[in-house]
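The values are calculated or read from the model by the stated rules, or taken from the named source; none is laboratory data. If you're wondering where the values come from, they're calculated on a predicted model, not measured in any experiment. Here the Cβ is made from the backbone with ideal geometry for all residues, glycine too, and neighbour counts use every protein chain on show. Only protein heavy atoms, including side chains, enter the accessible area calculation; ligands, DNA and RNA are left aside. Shrake-Rupley method; radii C 1.70, N 1.55, O 1.52, S 1.80 Å.
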Amino acid sequence: MSFLEIQHVTKQYSNHLALDSVSLSIERNSIYGLLGPNGAGKTTLIRIINQITAPDEGAIFLEGKPLRSNDIRRIGYLPEERGLYKKMKVGEQVLYLAQLKGLSKAEATQRLKKWFDRLDMQSWWDKKVEELSKGMQQKVQFIITVMHEPELLIFDEPFSGFDPVNADIMKREMVRLRDAGATIIFSTHNMESVEELCDTITLINRSKVVLQGNVNQIRQQFRTHIYRIVLEGTFENIVPAEYFRILDQTIINQHTSLRIETINSTANEVIASLLPHYTLLSFEEEIPSMNDIFINIVKEPIPVIES
Amino acid sequence: MSKIGLIIQREYKTRVVKRSFIIMTFLSPLLFAAIMVIPLWLSTAKDTEAKTIAVVDRTDEYAQALPSNGSYQFEIAKEPNQDIGKSKLSSDYYAILLISGDLMKDSSAVTLYSQKQVSIDLKSYIADHLSKYVENKKLVATHIPNIRQIIKESQTPINVTTIKLDQHGNAIVTSSDVATFIAALATFLIYLFIFMYGAQVMRGVVEEKTNRIVEIIISSVNPFEMMMGKIIGIALVGLTQFLLWVLLTVIISNVAGIAMFGSSITHLQQSAQMSTMQDHNATHQVVLGLIQGLQGINFVEIIGFFLFYFMGGYLLYASLFAAIGSAVDNETDTQQFMLPVTIPIIFAFYAAFYSLQNPDGPLAFWCSIIPFTSPIVMMVRLPFDVPLWQKLLSVSLLIITFLSTTWLAAKIYRTGILMYGKKITWKEMWKWLRYSN
């Protein structure tokens with residue numbers, strides 16, 4: 001049984017359909033990526049899971065039971081547009097929000113100290129929020145999201161506004177939280193982070209799920225059967241052409257670079273056919289990045305619906 | 001601590017430590033005290049130099065009727081040969097008084113010349129003394145023995161004592177002056193409180209919405225708790241401020257009074273009142289009347305109702321202000337929705353002041369029953385005693401109304417607070433009201 005199950009969720013706003021029968025299921029203890037271009041409906045879906053808005057149709061199940069309003073306690077949510085009380089001191093503010101989330105003052109203080117130490121933020125405790133930079137505020141907000149140790153964490157665009165160093169820190173913390181038992185959903189445009197972090201993804205485009213599944217499987221599925229080969233010496237066509245087709249060929253410093261597409265053959269067969277004649281320096285499959293897949297799918301024209 | 005308690009605490013704490021709150025709290029009583037002390041101080045301060053007036057008396061009789069005092073010095077002068085206006089007298093004296101004929105026969109034979117406009121005080125000083133002198137002379141001319149005694153005994157100032165009857169027919173002495181003052185003060189305070197703190201509720205809600213903190217809080221608190229926490233927290237800030245104002249005004253004005261006059265302000269007010277009264281017996285009666293008047297007012301009832309209408313009126317309007325705050329994206333958009341809320345408040349304020357003159361008139365009656373104006377207008381009527389059924393009707397209507405406005409506001413709030421980037425119209429808000437969930 002999956003941890004969170006979303007079944008045929010539809011949400012209609014007055015003049016557009018934000019989500020059209022979206023279904024997905026998220027395994028416990030995984031990191032789930034919610035991808036899609038701007039305006040695809042990711043944030044609407046996240047808001048529905050958080051019960052900020054209600055779906056028009058469809059249902060959401062947490063551990064097999066319909067999501068109830070108390071379940072909100074089990075969720076930590078980092079909204080896309082972040083905000084804090086600007087005039088309040090950082091420490092006071094996180095303590096207040098922690099207590100609102102049900103932690104006792106002592107417990108909250110202890111946990112927050114730990115987090116502030118880990119993210120190297122001790123000196124911020126008595127600063128006003130308005131004195132912090134955007135990235136610093138985001139770190140504060142990250143702590144607010146996770147400090148009550150919810151089972152389900154939802155981050156809407158968690159890396160926007162971070163420099164690469166801090167983005168890496170956030171990624172590290174997300175993996176650590178997953179390893180500690182949390183289930184994480186995050187939406188992003190940052191495809192690199194998807195490859196690094198996500199076990200499973202759903203790509204939403206124009207309110208619909210257009211791609212869903214395990215990241216590695218998706219990449220396999222989008223294989224183009226193109227390989228890059230580097231050989232010593234020059235390449236002469238002594239290999240039977242039935243295994244592959246040469247797309248491109250360049251010679252640099254006595255080495256030949258080939259870009260080939262296999263024809264009904266496996267990589268092993270290609271290598272076996274080359275080995276008797278050449279010294280192979282490298283052999284690498286061109287697997288499309290999530291970025292390529294994303295752009296490919298999103299750029300596709302809207303399919304014409306037959307009536 | 002409960003969640004709503006936490007919210008109340010935060011709203012309260014962040015506001016009372018604000019610089020603007022502290023400045024307002026300490027500066028306003030200084031202003032109030034200044035308003036009370038400065039006119040008193042000015043009125044007791046004497047004119048530094050006495051004005052000299054030349055008296056040209058053709059009859060040689062009436063000049064003696066004008067005694068000099070600290071303010072005016074009368075000097076008898078010879079009539080100049082030339083025109084009075086061109087004579088040396090006009091430059092040497094503050095004014096020249098010409099008595100041109102026998103006042104017994106011609107009461108208008110007195111003229112006062114001056115280069116500057118003379119004060120009313122001087123004019124009446126002269127008129128009073130001369131008329132008293134003439135009156136005296138005429139009395140003597142009647143040759144009736146003991147005439148002055150007779151007249152003095154015949155003069156009877158009438159003092160109307162107002163007696164209010166309670167339901168058992170027992171008499172209670174009242175003072176409508178005291179009642180009016182208390183009514184006006186209570187009304188003004190409630191009006192001020194609703195406006196100042198209602199607007200603060202609205203600003204707070206707009207702040208939470210624009211900085212999106214609401215999306216974080218909403219996952220741990222429901223919108224109703226969030227709204228009520230803010231409303232109650234700010235109410236407590238308001239009560240704190242008023243309490244401090246009252247306390248500080250009393251302290252500052254007394255300290256200032258002691259520092260300036262060597263006696264406390266209350267003492268000073270009494271003595272100021274005394275000095276204006278010629279007849280000490282009358283003063284005594286007035287003071288007695290005031291004290292009896294104060295006793296005649298049921299303070300426990302007034303204070304109880306004051307607190308009730310204070311809170312009731314604030315809750316009614318604060319929830320509407322909160323709803324407005326939740327519906328807009330930024331503070332500048334609040335204007336168009338503010339008007340329908342502020343109009344009844346301002347109307348109530350004016351209605352209250354017209355009602356002061358006629359606390360039992362139809363305007364006062366209806367405005368003290370209708371919940372949108374009753375918190376402000378009823379306070380005007382209360383010191384003048386309102387029938388029980390009217391009080392009960394007004395109170396229960398106000399309770400019903402603030403419960404329903406809070407309920408309606410919560411519905412708008414719940415939808416509005418999470419809605420962004422939409423130009424909100426009245427139609428839209430009406431739609432939110434009808435959302436079942």
Inset, instruction - Return the loop-located GluC sites (Glu not before Pro) in segment A:68-142 (DSSP other than H, G, I, E, B) with at most 15 other Cβ atoms within 10 Å of their own Cβ; answer none if there are none. - result: A:E81
Inset, instruction - Starting with the highest mean, order A:252-259, B:299-306 by the number of other Cβ atoms within 10 Å, averaged over the residues of each peptide. - result: B:299-306, A:252-259
Legend entry - Spin-label pair A:S14/B:T59, simplified geometry with 7 Å Cα→Cβ offset, distance in nm: 8.9 nm
Inset, instruction - State the extension gain, in nm to one decimal, for the chain segment bounded by B:M104 and B:H143, taking 0.36 nm per residue of separation less the distance between their alpha-carbons. - result: 12.4 nm
Inset, instruction - Within 10 Å of each Cβ in peptide A:95-105, how many partner chain Cβ atoms are there on average? Round it to a whole number, please. - result: 4
Inset, instruction - Specify whether the C-alpha gyration tensor of segment B:178-242 places it in the rounded, prolate or oblate class, a ≥ b ≥ c being the square roots of the eigenvalues: rounded for a/c under 1.5, otherwise prolate if a/b is larger than b/c and oblate if not. - result: prolate
Legend entry - Exposure ranking of B:F310, B:F365 by accessible area [1.4 Å probe, largest first]: B:F365, B:F310
Legend entry - For B:206-219, mean number of other protein chain Cβ atoms within 10 Å: 6
Inset, instruction - Convert each backbone phi in segment B:323-334 into a coupling constant with the Karplus relation 6.51 cos²θ - 1.76 cosθ + 1.60 (shift: θ = phi - 60°), then list the ³J(HN,Hα) values in order as whole Hz, x for Gly and Pro. - result: 4, 4, x, 6, 7, 9, 8, 8, 5, 5, 6, 6
Inset, instruction - Count the net charge of all other residues whose Cβ sits under 15 Å from the Cβ of B:C367, scoring Lys and Arg as +1 and Asp and Glu as -1. - result: +1
Inset, instruction - Calculate for the protein assembly as shown the 222 nm mean residue ellipticity that helices alone would give, adding -39,500 (n - 2.57) per DSSP H run of length 4 or more and normalising by residue count, nearest 500 deg cm²/dmol. - result: -17000 deg cm²/dmol
Legend entry - Three-way shape label, segment B:51-148, alpha-carbon gyration tensor, a/c 1.5: prolate
Legend entry - segment A:4-220 shape via C-alpha gyration tensor axes, a/c threshold 1.5: prolate
Inset, instruction - Within a 10 angstrom radius of each residue's Cβ in B:3-10, how many Cβ atoms of other chains show up on average? Whole number is fine. - result: 3
Inset, instruction - At a 1.4 Å probe radius, which order do B:L112, A:L95, B:L243 fall into by accessible area, largest first? - result: B:L243, B:L112, A:L95
Legend entry - A:T44 accessible area, 1.4 Å probe, all protein chains in place, Å² to nearest 10: 20 Å²
Legend entry - Scattering curve values for the protein assembly as shown, log₁₀ I(q)/I(0), Debye with Cα scatterers, q = 0.05, 0.11 Å⁻¹: -0.50, -1.22
Inset, instruction - Note down the accessible area of B:F32, probe 1.4 Å, to the nearest 10 Å². - result: 90 Å²
Legend entry - Carbon/sulfur fraction of accessible area - the protein assembly as shown, other protein chains in place, 1.4 Å, %: 57 percent
Legend entry - Surface accessible to a 1.4 Å probe, B:K137 within the full protein complex, Å²: 70 Å²
Inset, instruction - Work through the residues other than B:I76 whose Cβ is under 11 Å from its Cβ and net out their charges, Lys, Arg +1 and Asp, Glu -1. - result: -3
Inset, instruction - From largest accessible area down, sort B:Y317, B:Y113; use a 1.4 Å probe on the protein chains. - result: B:Y113, B:Y317
